[in-house]
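All of the numbers you see were taken from the coordinates with simple rules; none came from a lab. Everything numeric here is computed off the predicted structure, so don't read it as measured data. Note that we place each Cβ from the backbone using ideal geometry, even for glycine, and neighbour counts take in every protein chain shown.
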Amino acid sequence: MLSRRHVLQGLAATTALGALPRAARAAFPLLDMGPSAAQIAPGDMAATDLWTFNGTLPGTEIRHAQGERFQWRVTNNLPDPTAVHWHGIRIENAMDGVPGLTQEPIPPGGSFDYDFALPDAGTHWYHSHAQSVEQVERGLYGALIVEEPEAPDVDADLTLVIDDIRLGRDAQITADFDNLHDRAHAGRIGNVVLTNGAPEARFEVARNARLRLRIINAANARIFTLGLMGLDGWVMALDGMPLAEPRKVVDPLTLAPAQRVDLFVDVTSDEAEAFLLHFDRTGGYAQASFTVTPGGNARRDAPKPLPPNPEFPIDLANAVPQRVLLEGGAMRGLAEARLDGEMLSGRELAQRGMVWAINAQAGRDATPLLEVALGQSVRLGMANDSAFPHAMHLHGMHFAEVLPDGGLGPLRDTILLGPDETKEVAFAAHNPGDWLFHCHMLGHHAGGMGSFIRVTA
Ligand code: C2O
Ligand code: CU
């Protein structure tokens, strides 16, 4: 819930802005949220109506240098209120874009100036965080790239925003966003897979070239399983954060909703083509195709790691433990859970569209899941007591998985738990504020799987 402090800050911001001369206000570039359309189905079918940022799917690719300030004005030309979340940025809380928690929603016709520091280089993204099961599905997402101070040694830097949408026979996005069946199962899975807004993405590359592929899963609920063909690759970063050592790609890569992977790939194909593949139950498909032209450099040595981002060391020995029980969904259901301060039965909850709970709480309540002091380290022991996977995302801070040997995995902002899986993550609560913690299967979030963690300064 919006605190008095937030409201006061909001008022102060409005007043200060009002006092600025016109020229200063015009300096923020615009990110306009509004209706548009794109030809996604074959050419003899209708164009698909979308909601996008600046008229394109994905929205404008935003690029800044590490350490620069992000200063963009979001204008809302949608029929509904909205707000924008800058996913993966260790951001100041008031700019985090969660309506009702960190800001008032931006009404139709309104605007909001997002203005924050960019501490971490990496592949991040932005998306609507209001009625996101609908607004993200309609196309309100884009890449937010923060560049390393020194450009790494690659021949091309390609962003691949992958998604799936559910189209009807009329080539329009089906409007069944609140469908309880999707919600209680794996979420809204689409029937058309997209890369950068198109069912077929193709790039021209030279043999032996080294490419940086920044892959962002913007899908509502689809978990992508990706592989390489004619390409030799290394994982360089996960969820924007560089790995200490690049990891050779041998097995297929799993990318849950909201997760990102930065790959360096060398074009090794002897054929005229190479592929980024995605696999599903029926086989492997081209997620992106590469036309290979002759020539190019000699092959390079294995890549060096990307430069590290600022560190906030996790003090595992003194970390506060917190259990996180994820339950609900089809097959298991919820016996009971609290909703808006009331204990309700599973049936009563389902009548209100609530089918998931975290620690027997359906949906975000006024009380945080956990309150910790700034600087404290935290361990979240997560247990998925359900028949479906969940992609749990924490705003504002990255966490690391606590591995079975007691060590820490790479920093991430979203972690996938399979059915009945348990995983523990740890993080340093280095960023003050109220930080949303939720499943990034957007229907699951809408169906109750969301809470928040308060870090008090
Ligand atoms: Cu991608 Cu709550 O965020
Ligand atoms: Cu989920």
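Each residue of segment 257-263 was assigned a 3J(HN,Hα) from its phi angle through the Karplus curve 6.51 cos²θ - 1.76 cosθ + 1.60 (θ = phi - 60°); the sequence is x, 6, 6, 10, 9, 9, 10 Hz, with glycine and proline shown as x. Quick one: grab the alpha carbon gyration tensor of the chain, order the square roots of its eigenvalues as a ≥ b ≥ c, and give me rounded if a/c is under 1.5, else prolate or oblate depending on whether a/b is larger than b/c. Note, shape of the chain comes out rounded. Per-residue ellipticity at 222 nm from helix content only, as computed over the chain with -39500 (n - 2.57) for each DSSP H run of at least four residues, stands at -2000 deg cm²/dmol. Taking amide H as placed 1.01 Å from N in the peptide plane, residue 78 has its amide H under 5 Å from the amide H of 109, each at least 5 places away in sequence or on another chain.
Each of 449, 95 has some number of other Cβ atoms within 10 Å of its Cβ, and from fewest to most they run 95, 449.
Show the residues, 5+ positions off or on another chain, whose built amide H is closer than 5 Å to the amide H of residue 106. Long-range HN contacts for residue 106: 82, 83.
A cut-off of 5 Å between modelled amide H atoms, ignoring neighbours fewer than 5 places along the same chain, links residue 277 with 227, 228, 229, 287.
The alpha carbon gyration tensor of segment 156-293 gives principal lengths a ≥ b ≥ c with a/c of 1.5 or higher and a/b greater than b/c, which makes the shape prolate. In order along segment 405-414, the phi-based Karplus estimate (6.51 cos²θ - 1.76 cosθ + 1.60, θ = phi - 60°) of 3J(HN,Hα) comes to 7, x, x, 10, x, x, 5, 9, 10, 9 Hz; Gly and Pro are listed as x.
Here the 3J(HN,Hα) profile of segment 85-94, calculated from phi with Karplus coefficients 6.51, -1.76 and 1.60 at θ = phi - 60°, is 9, 9, 6, x, 7, 7, 9, 6, 4, 5 Hz, Gly and Pro shown as x. Of the trypsin sites (Lys or Arg not before Pro) found in segment 153-243, those that fall in a DSSP loop while having at most 12 other beta-carbon atoms within 10 Å are 169. If you filter segment 392-455 for trypsin sites (Lys or Arg not before Pro), then keep DSSP loop positions with at most 13 other Cβ within 10 Å, what is left? Sparse-neighbourhood loop trypsin sites (Lys or Arg not before Pro): none present.
Other residues lying with their Cβ under 13 Å from the Cβ of residue 141 contribute a combined charge of -3, Lys and Arg counting +1, Asp and Glu -1. Rounded, prolate or oblate: pick one for segment 381-457, where a ≥ b ≥ c are the square roots of the eigenvalues of its C-alpha gyration tensor, a/c under 1.5 means rounded, and failing that, prolate if a/b is larger than b/c, else oblate. Oblate shape, in that a/c is at least 1.5 and b/c is the bigger or equal ratio.
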